[in-house]
Amino acid sequence: MAAMGSEVDWAQLDPDFAAGKRALVAEDWNGAIAALKLAALRDPRNADIQNYIGYGYRRLRQWGPAMQYYQQALLLNRRHRSAHEHLGELYLALGEPARAEQQLATLEDICLIPCVETDDLKRAITIYNTLVSR
C-alpha cells in the first residue's frame, strides 16, 4: 500500500502505525519498533515509518540500526525534515558535530521559512557544544 494522505490520516487507517506512534509517545522504544516494522511490511516506501523506527533505535542507543533507518527514510524522501533532524542528532551522539552541522545546513535549505526541525537541531548542537567545551 502506498503512503496515503497525511501522516495523521494514515495512522488512523493502519493499526500498527497508530500503535507505533502511541508507543513512541509512551517511550516504549521496543514496542514502537515492533509495531512500526509491522506497518513497514505493508508500506515499505513510507519515509515516516522508516524515520520513526530509526528514532526508536536511537533512543535505545543502537546507533547502527538508527542510521540505517534514517538513511532509508532519506532515500525515500530526500526532503524529510524530521529524518534530517534526527540524523543530525544521531551524529551528535556519535561525536560528529560537523556532520550534524551538514544536516542543519540541509534543513535550512529545505525550510525556506523557519521550521521546528531546524530549531530543534540548532538547540541540540548548541547543547552539544556547551557540554563538549566544559
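Which count do you get for residues in the range 38-65 that are over 20 Å from residue 27 (Cβ atoms), open to solvent by less than 40 Å² (accessible area, probe 1.4 Å) and charged (D, E, K, R)?
Residues in the range 38-65 being over 20 Å from residue 27 (Cβ atoms), open to solvent by less than 40 Å² (accessible area, probe 1.4 Å) and charged (D, E, K, R): 1 in total.
Looking at (1) at pLDDT below 95; (2) crowded, with 16+ Cβ neighbours inside 10 Å, which one does residue 6 not meet, given that it meets all the others?
Of (1) at pLDDT below 95; (2) crowded, with 16+ Cβ neighbours inside 10 Å, only one is false for residue 6: (2).
Of the numbered conditions (1) surrounded by 19 or more Cβ atoms within 10 Å (Cβ to Cβ); (2) at pLDDT 95 or above; (3) among the charged types (D, E, K, R), residue 28 satisfies every one except a single condition; which is it?
Failing condition for residue 28: (1).
With the range 13-65 as the region, which helices (runs of 4 or more DSSP H) entirely inside it contain at least 1 residues that are over 16 Å from the mean Cα position of the chain (by Cα)?
Answer list for the range 13-65: 15-25, 29-42.
Would you check which residues across the range 66-85 are part of a helix (DSSP H, G or I) and either open to solvent by 20 Å² or more (accessible area, probe 1.4 Å) or of a type in the set (D, E, K, R) (or both) and list them?
Hits for the range 66-85 are 67, 68, 69, 71, 72, 74, 75, 76, 81, 82, 85.
For the range 36-88, how many residues are small (Gly, Ala, Ser) and closer than 18 Å to residue 121 by Cα?
Looking only at that region, the number is 7.
Yes or no: residue 106 open to solvent by less than 20 Å² (accessible area, probe 1.4 Å), modelled with pLDDT of 95 or more and β-branched (Val, Ile, Thr)?
In short, no.
Pairs needed: first member in the range 105-134, within 24 Å of residue 79 (Cβ to Cβ); second member anywhere, in a loop (DSSP other than H, G, I, E, B) and open to solvent by 90 Å² or more (accessible area, probe 1.4 Å); C-beta distance under 8 Å; at least 6 residues apart or different chains.
From residues that are within 24 Å of residue 79 (Cβ to Cβ), the pairs are 110/79.
The values are calculated or read from the model by the stated rules, or taken from the named source; none is laboratory data. Just so you know, these numbers come straight off a predicted model, no measurement behind them. Here Cβ is always computed from backbone atoms with ideal geometry, including for glycine, and neighbour counts include all displayed protein chains. Note: accessible area is taken over every heavy atom of the protein model, side chains too, but ligands, DNA and RNA are not part of it. Shrake-Rupley method; radii C 1.70, N 1.55, O 1.52, S 1.80 Å.
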